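Below you'll find the structure, written out as structure tokens, and then a few comments.
Coordinate-derived values only; no laboratory data. Keep in mind that what you see is a predicted model, and the values were worked out from it rather than measured. Cβ sites come from the backbone with ideal geometry, for glycine too, and all protein chains shown count toward neighbours.
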Amino acid sequence: MIYEEPPINIKCVEDAISFIYKTSWKESKYDLSRITKLMKLLQNPQKKLKFIHIAGTNGKGSTSAMIASIFMEAGYKTGLYTSPYIHKLSERIQINFNPIKDVELLELSNQLYKYISSMQDAPTEFEIITAIAFLYFYQNQCDIVILEVGMGGRLDATNIIDTPESAVITSIGLDHTKELGDTIEKIAAEKAGIIKSNGIVICCPQKDSVKKVIYKKCKNQNTKLYFVDNNIINPVKQSLDGQQFDYNGIKNLTISLLGQHQLLNAASAITTVNVLKNQGWNISEEALRSGLQKVSWPGRFEIMQNDPIFIVDGAHNPQGIQTTKKTLQSFFPNKKCIFILGVLVEKNYQEMIKIIAPLANYFITVTPNNPTALPARNLASYLKKVYYINTIICKSIEHGLEVSLKIAGKDDVICAVGSLYMVGAIRNYFKSCKLLSF
């Protein structure tokens with residue numbers, strides 16, 4: 001694709017964001033050619049950093065946040081790169097959980113512009129943001145960077161790095177099948193693409209066929225493989241305020257994140273930290289405990305209010321929705337829910353609905369804030385055609401929230417699911433109602 005000239009004067013953060021998200025750049029081939037060229041022009045700052053690289057279908061963000069929090073509590077200057085964002089682009093690039101400042105984003109965008117303008121094949125928005133992140137972490141001399149894969153692994157822009165301190169592979173399921181393959185084994189092979197020679201891999205429990213893919217890649221790359229043992233996770237107690245658990249001989253650990261899946265994510269973080277301690281990283285049990293206790297990750301089974309209970313969960317694929325269902329059943333057994341549902345066109349929303357329909361008293365359909373969102377009317381049409389459940393079409397996410405709160409009794413449960421692209425609007429709504437501070 002031939003580069004088209006962006007705004008010549010990037011004078012404010014709005015100009016920088018326009019430069020990053022230039023729509024004509026979105027049809028490039030899915031490969032590493034552009035990011036390789038761009039990083040070479042920037043003198044490869046990523047080669048001067050240490051990383052923990054995290055891939056998977058679900059759980060990447062929460063696991064990344066937990067590991068970052070533990071390293072920060074241990075006294076390391078910790079970079080964190082994640083996607084997508086909830087409120088602002090700057091959330092994707094953080095040091096010690098402080099998002100990049102507008103002035104820094106502006107400065108780095110100008111640095112990149114002069115190099116990108118010389119490229120015949122222009123980079124995509126994700127590649128530009130990734131390059132900004134690498135440059136930012138390098139210029140700020142981060143001790144460690146927790147690097148979340150955007151999509152897949154093998155051809156993801158983050159995979160330009162050399163062998164990381166550790167690779168972490170979270171739960172793998174069917175998602176992005178158009179780009180990554182139509183079987184879980186093909187998708188696993190793409191995720192396993194982050195495994196590099198003579199490295200270390202921490203892997204969540206997986207299906208046997210997925211394990212074979214991971215084993216084979218590690219053997220070929222002479223890489224040490226550690227599987228997280230979910231049989232030694234011992235839940236102690238849970239409430240809507242958080243969870244307490246034991247793991248691998250460490251007693252009474254606490255996290256504020258809800259759901260059994262978050263215990264598995266925490267176990268992945270603990271396993272990663274324990275392995276890296278043996279590689280020379282200085283992380284005490286106190287830092288481990290404090291890091292887990294302090295971590296928060298918005299939009300993942302997050303309680304917005306009580307009376308009635310309102311939950312927002314960015315689950316956006318069948319595997320994620322299955323986890324949402326289990327968590328709802330755990331906290332609210334035998335209770336029907338009011339679901340606010342918004343999805344993207346490319347997602348397997350038919351299977352997602354099939355999973356949660358037995359728990360639904362109402363479906364309220366909305367359109368997420370994304371160009372590829374399925375219109376609320378189309379989603380409602382499908383629901384009415386296939387399921388005999390009360391369905392209400394709403395003109396906006398905010399309208400959907402107002403309707404849900406109007407029809408809910410004080411003992412009801414409202415749960416907004418289907419897309420992370422709804423989370424920001426929902427959190428902003430509750431902030432405006434002064435029920436949420438952030």
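Length gained on full extension, K11 to N220, computed as 0.36 nm times the residue gap minus the Cα-Cα distance: 70.4 nm.
Residue order for D182, D313, D143, fewest other beta carbons within 10 angstrom first, comes to D182, D143, D313. Working ranking of peptides 96-103, 270-277 by packing, defined as the average number of other Cβ atoms within 10 Å per residue, highest first, is 270-277, 96-103. With a ≥ b ≥ c the root eigenvalues of the C-alpha gyration tensor of segment 339-438, is it rounded (a/c under 1.5), prolate (a/b larger than b/c) or oblate? Taking the square roots of the gyration eigenvalues as a ≥ b ≥ c, segment 339-438 is oblate. Between V386 and Q279, how many nm apart are label points set 7 Å from Cα along the C-beta direction? My value for the distance between the label points is 4.3 nm.
In sequence order, segment 196-209 has phi-based couplings of 10, 5, 6, x, 10, 10, 10, 10, 5, x, 9, 4, 4, 5 Hz under the Karplus curve 6.51 cos²θ - 1.76 cosθ + 1.60, θ = phi - 60°, and Gly or Pro positions carry x.
Within segment 318-392, which chymotrypsin sites (Phe, Trp or Tyr not before Pro) sit in a loop by DSSP and count at most 10 neighbouring Cβ atoms inside 10 Å? Intermediate results must be reported in sequence, preceding the final value.
Values: sites: F331, F339, Y349, Y362, F363, Y382, Y387, Y388; in loops: Y387, Y388.
Filter output for segment 318-392: Y388.
Give the residues of segment 149-166 whose amide nitrogen is closer than 17 Å to a point set 7 Å from the Cα of D31 in the direction of its Cβ. Residues 153-160 fall inside that zone.
Place a +1 charge on the Cβ of each Lys and Arg in the chain and a -1 charge on the Cβ of each Asp and Glu, then give the dipole magnitude about the Cα centre in debye, rounded to the nearest 20. Around 700 debye, computed over the chain. The string of couplings for segment 96-103 from the Karplus curve (6.51, -1.76, 1.60, θ = phi - 60°) is 6, 6, 9, x, 4, 6, 4, 5 Hz, one whole number per residue in order, with x for Gly and Pro. Between segment 91-131 and segment 331-367, how many Å separate their Cα centres? Taking the Cα centre of each part, segment 91-131 and segment 331-367 sit 36 Å apart. As a proxy for reagent exposure, ranking L374, L41 by other Cβ atoms within 10 Å from fewest up yields L41, L374. Here the Karplus curve 6.51 cos²θ - 1.76 cosθ + 1.60, taken at θ = phi - 60°, turns the phi angles of segment 140-148 into couplings of 9, 6, 5, 6, 8, 10, 8, 10, 8 Hz, with x standing for Gly and Pro. In segment 13-294, Cα pairs under 8 Å separated by at least six residues give a relative contact order of 23 percent.
Take each of the peptides 414-423, 259-268, average the number of other beta-carbon atoms within 10 Å over its residues, and list them starting from the highest. List each step's numbers first, then the result.
On the way: 414-423: 25.7, 259-268: 23.9.
By packing density, highest mean first, the sequence is 414-423, 259-268.
Note on K40 and E351: the model spin-label points, each 7 Å out from Cα along the C-beta direction, lie 3.9 nm apart.
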